[in-house]
Amino acid sequence: MKAFLETIKDALRDLAPIILVVLFFQLAVLQQPFPEPGKILVGLVTVVIGLSLFIQGLELSLFPVGENMAAAFARLGNVVWLLVFAFALGFGTTVAEPALIAVSQEAARISAGAGMVADNATAQANYALGLRLTVAVSVGLSLVVGVLRILKGWPIHFIIMGGYLVIVLLTQFAPETIIGVAYDSGGVTTSTITVPLVTALGIGLSTVIKGRNPMIDGFGLIAFASLFPIAFVLMYGMVV
């Protein structure tokens, strides 16, 4: 209970700047009272409790599970199963990412309004599903590359620079209507579900593998998970 209260205190501290900004602009700049302040207060309390529970869940479950599984696969010594696990983890966490679901559905709706997709529920659902699967596959492959980087000791900056060069080239040929969606896809993949497990995977591997430093080699997988979806969605737009 004491640990949870400490987490609530930390959540309040983290949310304080946002609350102060909203209060300042609402009361000092707009000079208007809050509509339905009771509901807003209840919502704020709910956000604080929810954020606290989420952080507790990460510390008690997701981080330890991710690190332990990564370490277990590394000790097993079977690289193929480790890479399969990395791909499955990236695919599974991304396809269930709420932010990606919301963005893909909105992209399908806008595309239908622009005449790029048939304006019916089935066509929009298929387009949104295709977008989600494309991003999920790309994140899975990004973790495969990230795990290989940790195993082989490849320098991360060369991979990142090369990846963004490919993205710049693809952007020249992709339809304008997909470019914004592609770049946003790189952001929505690094959200509530994906980040904790991916980070735990990198730290777990670099902790167990001899000669690897968790601080140097354990981080960086999130960068791959942001980069790969941009390129894959650009190609998705070129094909679809």
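The values are calculated or read from the model by the stated rules, or taken from the named source; none is laboratory data. Since the model is a prediction, treat every value here as computed from it, not as a measurement. Reconstructed Cβ throughout: ideal geometry from the backbone, glycine too, with neighbour counts over all protein chains shown. Calculation scope for accessible area: heavy atoms of the full protein, side chains included, ligands and nucleic acids excluded. Shrake-Rupley method; radii C 1.70, N 1.55, O 1.52, S 1.80 Å.
What does the charge dipole of the range 1-40 about its Cα centre add up to, to the nearest 20 debye, if the Cβ of each Lys and Arg holds +1 and the Cβ of each Asp and Glu holds -1?
80 debye
Return the calculated 222 nm mean residue ellipticity for the chain, to the nearest 500 deg cm²/dmol, obtained by summing -39500 (n - 2.57) across DSSP H runs with n ≥ 4 and dividing by the residue count.
So the calculated ellipticity at 222 nm is -27000 deg cm²/dmol.
Which log10 I(q)/I(0) values, to two decimals, does the chain give at q = 0.13 Å⁻¹ under the Debye formula with one point per Cα?
So the normalised log intensities work out to -0.94.
So if I place +1 on the C-beta of Lys and Arg and -1 on the C-beta of Asp and Glu, and nothing else carries charge, what would the dipole magnitude of the chain be about its Cα centre? I want it in debye, nearest 20.
Approximately 580 debye in magnitude.
Kindly list the residues of the range 197-226 that lie in the label zone of L76, defined by a backbone N under 20 Å from the point 7 Å along the Cα-to-C-beta vector.
Taking a point 7 Å out along Cα→Cβ of L76, the residues of the range 197-226 whose backbone N falls under 20 Å are 197-210.
Put a dot 7 Å past each Cα toward the Cβ at Y183 and H157; how far apart are the dots in nm?
With each label point 7 Å from Cα toward Cβ, the separation is 2.4 nm.
Once you have the Cα-Cα distance between M238 and D10, take 0.36 nm times their residue separation minus that, and quote the gain in nm to one decimal. Walk me through the numbers on the way to the answer.
Values: separation 228, 0.36 × 228 = 82.08 nm, distance 4.52 nm.
That works out to 77.6 nm of additional length.
Stick to the Cα atoms of the range 1-131, pair each with every other, and give me the Kirkwood hydrodynamic radius in Å at one decimal. Don't skip to the end; give the middle numbers.
On the way: mean 1/r = 0.0518 Å⁻¹.
By the Kirkwood definition, the hydrodynamic radius is 19.3 Å.
I'd like the carbon and sulfur percentage of the solvent accessible area for the chain, probe radius 1.4 Å, heavy atoms only, ligands and nucleic acids excluded. Intermediate results must be reported in sequence, preceding the final value.
Working: 9440 of 13110 Å².
C and S fraction of accessible area: 72 percent.
Can you give me the C-alpha center-to-center distance between the range 34-66 and the range 194-221, rounded to a whole angstrom?
Comparing the Cα centres of the range 34-66 and the range 194-221, I get a distance of 27 Å.
What number comes out for accessible area per residue over the chain if the probe is 1.4 Å? Units Å², please. All intermediate terms of the calculation are to be shown ahead of the outcome.
Numbers: 13110 Å² over 240 residues.
Ligands and nucleic acids excluded, the figure is 55 Å² per residue.
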